[in-house]
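I have placed the structure first, in the form of structure tokens, so that the comments after it can refer back to it.
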Amino acid sequence: MRSTKLSTWITWALVLFALGVATDYYFLHILFHQKQQEALQIAEGEQAAATAATPATTAGDDSFLGEKGNAQVQTDSGKDTFLASLQACAPEVAAQAIATPEALMEYLQKSVGIAKEEISLENYHLTLPDGSLRRVHLITADNTNAKDKVEIRFFKLDAEGYPERLPLKGDETLESLLALGKVSRHEVKSVLELKDKTTVNLEKHDNVVFEFQYNNHGKILSCRYKECLCQ
């Protein structure tokens, strides 16, 4: 009798031990792993949703006039190395107490003088009365013998900034397109050849100097706002 009871207790002990091991294995390996996978899938889904909800931008695009969409507006970094870089590249100009890129452009145009100016790209941001967005691009043809030296391109943009080029009849002018709405922003790129044989590649946003490269007889002053470098 005692032998039977002992074997019964041993049997139940083994059963309970096996059940405990199986339970631990289930919770620690199978269920825990499954929960980890589910959590990972949820996190990936939330990340994908956040990415999809973010408006598309083209920071780093080759040109703000590129047909890749609504380029991200780049702001001033706050770094000011303008005066030190100007003194390194053009000490004779820095001696004129020029403190800003706008003042430098004014000095070069008025005191040095412009021998030739070519506007290569222009971009107008346009808002129509119904709130929809348009872009008017003016692109100067590389071939100076082209019949129409300036090409007009017209785009509409959706809520996320994706562009769609719109067909033109052929009789549109810059003035007629701008008359469709209100201009909220104007960007222009140009090349200045000065009378002292120096050159400036200039990009302005709403008449504010955004970026330029001033080639002063081999020394190049490159600036974005007031963050500059002399090479």
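Condition first: in contact with a strand residue (DSSP E or B) (Cβ under 9 Å, 6 or more places away or on another chain) and part of a loop (DSSP other than H, G, I, E, B). Now tell me which residues in segment 97-120 satisfy that.
Thr100, Gly113, listed by residue number.
Restricting to segment 163-195, count the residues that are modelled with pLDDT of 95 or more and acidic (Asp, Glu).
Within segment 163-195, residues that are modelled with pLDDT of 95 or more and acidic (Asp, Glu) number 3.
If you go through segment 191-202, how many residues are in contact (Cβ under 8 Å) with a residue 24 or more places away in the chain and closer than 15 Å to Leu104 by Cβ? First the steps, then the outcome.
Restricting attention to segment 191-202, the residues satisfying the condition of being in contact (Cβ under 8 Å) with a residue 24 or more places away in the chain are 191-196, 198, 200, 202.
Those still in the list that are closer than 15 Å to Leu104 by Cβ too: 192, 194, 196, 198, 200, 202.
Count: 6.
Within segment 78-96, work out how many residues are touching a strand residue (DSSP E or B) at 6+ places or on another chain (Cβ under 7 Å), of a type in the set (A, V, I, L, M) and open to solvent by 30 Å² or more (accessible area, probe 1.4 Å).
1
Determine, yes or no, whether Ala159 is closer than 20 Å to Leu86 by Cβ, among the small types (Gly, Ala, Ser) and either out of contact with any strand residue (DSSP E or B) (no Cβ under 7 Å at 6 or more places or on another chain) or not in a strand (DSSP E or B) (or both).
no
It is to be established whether one or more residues within segment 157-173 are closer than 30 Å to Ile114 by Cα and free of Cβ contacts under 8 Å to residues at least 40 places away in the same chain.
There is at least one residue in segment 157-173 that is closer than 30 Å to Ile114 by Cα and free of Cβ contacts under 8 Å to residues at least 40 places away in the same chain.
Determine which member of the set Lys226, Lys219, Lys156 is open to solvent by 50 Å² or more (accessible area, probe 1.4 Å) and over 26 Å from the mean Cα position of the chain (by Cα).
Among Lys226, Lys219, Lys156, only Lys219 is open to solvent by 50 Å² or more (accessible area, probe 1.4 Å) and over 26 Å from the mean Cα position of the chain (by Cα).
Can you find even one residue in segment 198-216 that is of a type in the set (Ser, Thr, Tyr), more than 18 Å from the chain's Cα centre (by Cα) and not in a strand (DSSP E or B)?
Yes, some residue in segment 198-216 is of a type in the set (Ser, Thr, Tyr), more than 18 Å from the chain's Cα centre (by Cα) and not in a strand (DSSP E or B).
Exactly one of these conditions fails for Ala115: (1) farther than 30 Å from Gln231 by Cβ; (2) open to solvent by 60 Å² or more (accessible area, probe 1.4 Å); (3) at pLDDT 95 or above. Give me its number.
It fails just one condition, (1).
The values are calculated or read from the model by the stated rules, or taken from the named source; none is laboratory data. Fair warning: this is a prediction, and the values are worked out from it, not measured in the lab. Reconstructed Cβ throughout: ideal geometry from the backbone, glycine too, with neighbour counts over all protein chains shown. Calculation scope for accessible area: heavy atoms of the full protein, side chains included, ligands and nucleic acids excluded. Shrake-Rupley method; radii C 1.70, N 1.55, O 1.52, S 1.80 Å.
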